[in-house]
Amino acid sequence: MNTDNRRLDMILAAGVFALLVLPWYRVRQGLFSLDWIGDVVGTEKLWPGLFQALIAGRWQLWPVLGLLAAAVLLRTTRAPGARGRALIGIGLAGLAWLLVEGLSVGLRGWNWGLLEQIFGDVAGQQAFGGGAVVLGTVFALIAAFGAAERGALKGDAFVLGAITILVLLVAVFVFYPLVSMFTGAFQDFDGSFTTEGVRSNIVDPKIWSLACLTGGNCGVAWRTFFLAVCTATGTTLMGLVFALVATRTGFPYKKSLRLLTVLPIITPPFVVGLALTMLLGRSGTLTQWIEMATGWELGRWLYGLTGIWIAQMLSFTPISFLVLIGVVDGISPSMEEASQTLRSDRWRTFRKVSLPLMAPGLANAFLIGFIESMADFGNPLVLGGSGGVLSTEIFFAVVGAQNDPARAAVLASVLLVFTLSAFLAQRLWLSGRNFATVTGKGDGGRHALLPRRVAWPVITVAVAWALFTITVYAMILFGGFVKVWGLDHSLTLEHYARAFGISLSGGLAWTGVAWDSFWTTMKIALMAAPLTAAVGLLTAWLIVRQRFPGRAVFEFALMMSFAIPGTVIGISYIMAFNLPPLQMTGTAAILIACFVFRNMPVGVRGGVAAMAQLDGSLDEASLTLGAGSGRTMRKVILPLMRPAILAALVYSFVRAITSISAVIFLVSAKYNMATAYIVGLVENGEYGIAIAYSSVLILVMITVIGGFQLLVGDRRIRRQDHGPKAPAAKERTA
Amino acid sequence: MTQARGAVEFRNVRKTFGQFTAIPDLSLTIEPGELVTLLGPSGCGKTTTLRMLAGLETPTAGQILIGGQDVTRLPADRRDVSMVFQSYALFPHMSVAQNVAYGLEAGRMKPAEARERAAEALSMVGLGGLGGRLPAELSGGQQQRVAVARALVLEPQVLLLDEPLSNLDARLRRKVRTEIRELQQRLGFTAVYVTHDQEEALAVSDRIVVMRDGLVAQVGSPRALYQSPASEFIADFIGEANVVAGQVLSVEGDVAQVDVGGQVLSLPARGMRPGPARLSLRANAARVRTEGAGVAGTVASSAYLGDHVEYEIDGPLGRVFVVDDNSDVPLAVGTGVVLELRARGLALIPGDA
């Protein structure tokens, strides 16, 4: 039982270190800058927890000291088998106390008047710092190790520890912000409870009016819903068209169609909107041609739902394509062949067998399109004009002149209800209906080609749409080299020079306006990527391989966070992390946390898919050979998951670069991200630089993804000369 | 006695999965150096039992002892057992030698020594020169032997084998099971072997534990199970016996006179008293004749299999499945025959008829 004692010693030592050495409260310049060390003796704010409690007289920390001391006492007096229950108690009590203490004492004393009446005054406190955070983790691990010593989950301390930490992280970075947002809706400016804001907003005709049915203007909620239904319908149909062309026709350029699927990954979300304005806006190229040729006045028709819809169709059709190609491909050819041998021609087979088998997949693509459209922020921001959608309304409710957090919270809740309903529909309603068309038995046979009367229209539509997409992207690359779009089409490098200028006089100087945000973006994306991959894959491993109570709920909650629109995350992070006990706004950490927990579900999905291909007996074999869970993970699971790990790394890196909706709430002067900066340029009408900067971002991401494809070798686990290649685990849907 | 290295004991072990009870109450002792087979149809709880012994499942109640030590709550990686998996579970990214050395290195053995021991283990199973290959570059039988070597190199108190032959073709299966048995006899380790194939169980085991619905149906040597099945289930499961009705006429000491379809035979009494009884009738217990004394019947179906013929015979015993070695002149369906019963292939089944 030595290992029981050893791991407990390690975390107890960490706990003592946190209490004795690390500053208990938040250090303004940042803990890792180490600037604070010189001032630590003289400045009370920087004292570690022990001194805060004993000398500075913060009695709210005494229970923390007591609980840690009790844990040390248990370690020295009791054997591992006898102390498990007590350790669990201490760990949970410690966490609970930190929660209560942190939430109830704010910057200027008690947060709630009731407490002040009971206990009298208390000195205000800063947000949690290094000491408090480390100690909180230590308490969580004490509870986990206690459970391990009692034999929970076969006594596996590694698994229990990992679960505890993950649950803690998800609670802090997903649920706490959402709860803060909901409570924020019920607070007025000085923080006391009021229903005024909610009441006035919930009946606001600007949100809920159905007047458009009778010729007026509808509320923003219905407009957003209507747009989402249109986008979802359109992208599903287009996705199906592309999927059919790619798998069921003799179309000669099928392979290159697959390139389309990469586009939404590498394109910052507002770029398509931007390109559309250049093409179809008031002074857009196409607009001018049409006006010249016909003499009509086209005007501003693009701005509004129509324009947003076109942009979303361009943006999300590839996602739907990616979902549906799996569905269309997954239909076992033997079903279609069986139908043909039963006297049905290709058209009847398609109508009676293939299409019905695809139906659940189509519904799935529809719901994904619905959620994506609801959550989209970049395109409505650029193309919304006067009539926005929910996500942009939320943004303007906090940043604009309104500055009405209650309204933002109500709008965010409405948006959340829409997307979560779609998500729940997808999970609950569709999960039971998926036809297991991939049987696992080796099906010989080939997919039947489409009947001719379907094939030709389908190919025509696909080619037309592909050409439109190419035109739009060509606009983006070309637009950066044109002086003033629509007015002066002379070629210039001026935009690139202004954005990415380098001066060599007197040493290398990054003089371009874009460099600052560019390097910040790279730095933060690089830091977020490994964390996202680690958290995502660890979660995937726990979900697939471990059986623990609440596993299904845990998985469900994680996947649900995928359906939370970025705008909602942004607003909830601001409301949660602006004040103690956790104060992170304006730091790089909040951006990283946002990326990690926003992109983690993708890592989880990729990991789950990859893990499902690994026989579970591999883990068990490793365990029975005497390797613990940690070693099993390191030596067996991770090496076999290399492609999934790299995919998760690249994906989270790229998503961190292209994301805008949550980021725009969280950037600060010190940490500005590329996308937020570009949106700022667009708002100032500096289209040239914005386009130039976007093209550079797209090129960077193409390089990264291309490099990744080269880097990922096949896992060398099969003889190279035969057998199908292991399907690389690159789940990029949704 | 159970303190000895390699001894295994289940004490009132119970295992439930949610609402489903896989093992209601299992008590079982395995002696050191014994090869015990857990045999039963799928879903009978044999694999669950093995996995609880390995530490891959935790019993809901009860105790498991290995070498006298209570290991009920001990995680798999700290138990002195190792396991050969049905799928072999060879790590596909490691060479054969790395696979075999894996457990040694996890036990903090120096890499050089681990490599040496791994090479020894590989030559023990006859794969001396193949350490550098990847598992995928070996044949099924070779992979199986790597899995055995990987488990044995740790010199565990107990070796667990979970349907180790099910991924091999029929001919290889016979060869490999002989090899496993030889290795076990030579090195003298305790082994627990799970299979659903009764022939395999009969061939390799010192003792067989037949399980059904989570309960132990019968424990005994292969001979005892075959010759004196404790129930119709055992009679049917081990060697596909016919279960027929008979009449115990008289009992004298351990010997009973039994009337089977009109023929009277002397059989071990097995505690039965005069009266109606049920018997297991092996397929080779009856000779099929066209004339003479015995139980009359007609051929309902016949299948010619080269060195023998399989018949189904309708008669006073119901439909009986028999095998006849005389394959020169197969009898046609509808032929009237006489079954001449032999005491060797017949056994009374204890309990009420």
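Points to keep in mind about this one:
- Those residues of segment B:31-89 which are over 18 Å from residue B:147 (Cβ atoms), touching a strand residue (DSSP E or B) at 6+ places or on another chain (Cβ under 8 Å), at the interface with chain A (Cβ under 9 Å from one of its Cβ atoms) and of a type in the set (Val, Ile, Thr), in sequence order: B:72
- Residues satisfying the stated conditions in segment B:87-99, i.e. of a type in the set (S, T, N, Q) and closer than 15 Å to residue B:141 by Cβ: B:87
- Tabulated pairs, segment A:52-75, first part of a helix (DSSP H, G or I), second of a type in the set (Asp, Glu) and surrounded by 14 or more Cβ atoms within 10 Å (Cβ to Cβ), C-beta under 6 angstrom, 6+ apart or interchain: A:60/A:101
- For segment A:614-664, residues that are of a type in the set (Gly, Ala, Ser), under 24 Å from residue A:597 (Cβ atoms) and touching a Gly at 6+ places or on another chain (Cβ under 7 Å) total 7.
- Residue ID - surrounded by the fewest Cβ atoms within 10 Å (Cβ to Cβ), chosen from residues in segment A:306-323 that are among the hydrophobic types (A, V, I, L, M, F, W, C) and either at pLDDT below 80 or under 18 Å from residue A:284 (Cβ atoms) (or both): A:309
- Considering segment B:92-113, and only residues there that are within 12 Å of another protein chain (Cβ to nearest Cβ) and among the hydrophobic types (A, V, I, L, M, F, W, C), the residue that is farthest from residue A:615 (Cα to Cα) turns out to be B:109.
- Of the criteria (1) of a type outside the set (Val, Ile, Thr); (2) within 20 Å of residue A:307 (Cα to Cα); (3) out of contact with any Pro (no Cβ under 9 Å at 6 or more places or on another chain), which one residue A:391 fails: (3)
- Of the residues making up segment A:120-137, one or more are among the β-branched types (Val, Ile, Thr), in contact with a strand residue (DSSP E or B) (Cβ under 9 Å, 6 or more places away or on another chain) and either assigned to a helix (DSSP H, G or I) or away from every other protein chain (no Cβ under 14 Å) (or both).
- Within segment A:598-628, the set of residues being at the interface with chain B (Cβ under 7 Å from one of its Cβ atoms) and touching a residue at least 60 places away in the same chain (Cβ under 8 Å) comprises A:628 only.
- Members of segment B:344-353 found to be in contact (Cβ under 8 Å) with a residue 24 or more places away in the chain and either part of a loop (DSSP other than H, G, I, E, B) or loosely packed, with under 13 Cβ neighbours inside 10 Å (or both), listed by number: B:344, B:350, B:351, B:353
- Complete set of residues in segment A:629-655 that are within 11 Å of chain B (Cβ to nearest Cβ), of a type outside the set (Lys, Arg) and within 25 Å of the chain's Cα centre (by Cα): A:637, A:638, A:641
- Yes/no for residue B:113 being within 21 Å of residue A:640 (Cβ to Cβ), over 27 Å from the mean Cα position of the chain (by Cα) and without any contact (Cβ under 8 Å) to a residue 12 or more places away in the chain: no
- Residues of segment B:119-154 that turn out to be within 16 Å of residue B:175 (Cβ to Cβ), within 11 Å of another protein chain (Cβ to nearest Cβ) and in a loop (DSSP other than H, G, I, E, B), as a count: 1
- Checking A:251, A:175 one by one, the residue that is modelled with pLDDT of 75 or more and in a helix (DSSP H, G or I) is A:175 and no other.
- Looking only at segment A:641-672, and only at residues there that are of a type in the set (Phe, Trp, Tyr) and farther than 21 Å from residue A:403 by Cβ, the one that is surrounded by the fewest Cβ atoms within 10 Å (Cβ to Cβ): A:671
- Here the strands (runs of 3 or more DSSP E) wholly within segment B:235-335 that include at least 1 residues being in contact with a strand residue (DSSP E or B) (Cβ under 8 Å, 6 or more places away or on another chain), free of Cβ contacts under 8 Å to residues at least 60 places away in the same chain and farther than 30 Å from residue B:205 by Cα are B:242-252, B:255-260, B:263-268, B:286-289, B:295-304, B:309-315, B:318-324.
- A residue that is surrounded by fewer than 22 Cβ atoms within 10 Å (Cβ to Cβ) and in contact with a Cys (Cβ under 8 Å, 6 or more places away or on another chain) occurs somewhere in segment A:220-239.
- In segment A:37-50, the residues that are surrounded by fewer than 18 Cβ atoms within 10 Å (Cβ to Cβ), of a type outside the set (Asp, Glu) and part of a helix (DSSP H, G or I): A:37, A:38
- Pairing each residue of segment B:155-167 that is within 11 Å of chain A (Cβ to nearest Cβ) with any residue that is part of a loop (DSSP other than H, G, I, E, B), provided the two are 6+ apart or on different chains, yields C-beta distances under 6 Å for B:156/B:80; B:159/B:189; B:162/B:85; B:162/B:86.
- Residue within segment A:543-560 that is more than 14 Å from chain B (Cβ to nearest Cβ), within 17 Å of the chain's Cα centre (by Cα) and buried (at least 24 other Cβ atoms within 10 Å of the Cβ) present: no
The values are calculated or read from the model by the stated rules, or taken from the named source; none is laboratory data. Fair warning: this is a prediction, and the values are worked out from it, not measured in the lab. Quick reminder, even Gly has a Cβ in these numbers, built from the backbone with ideal geometry, and neighbours come from all protein chains shown.
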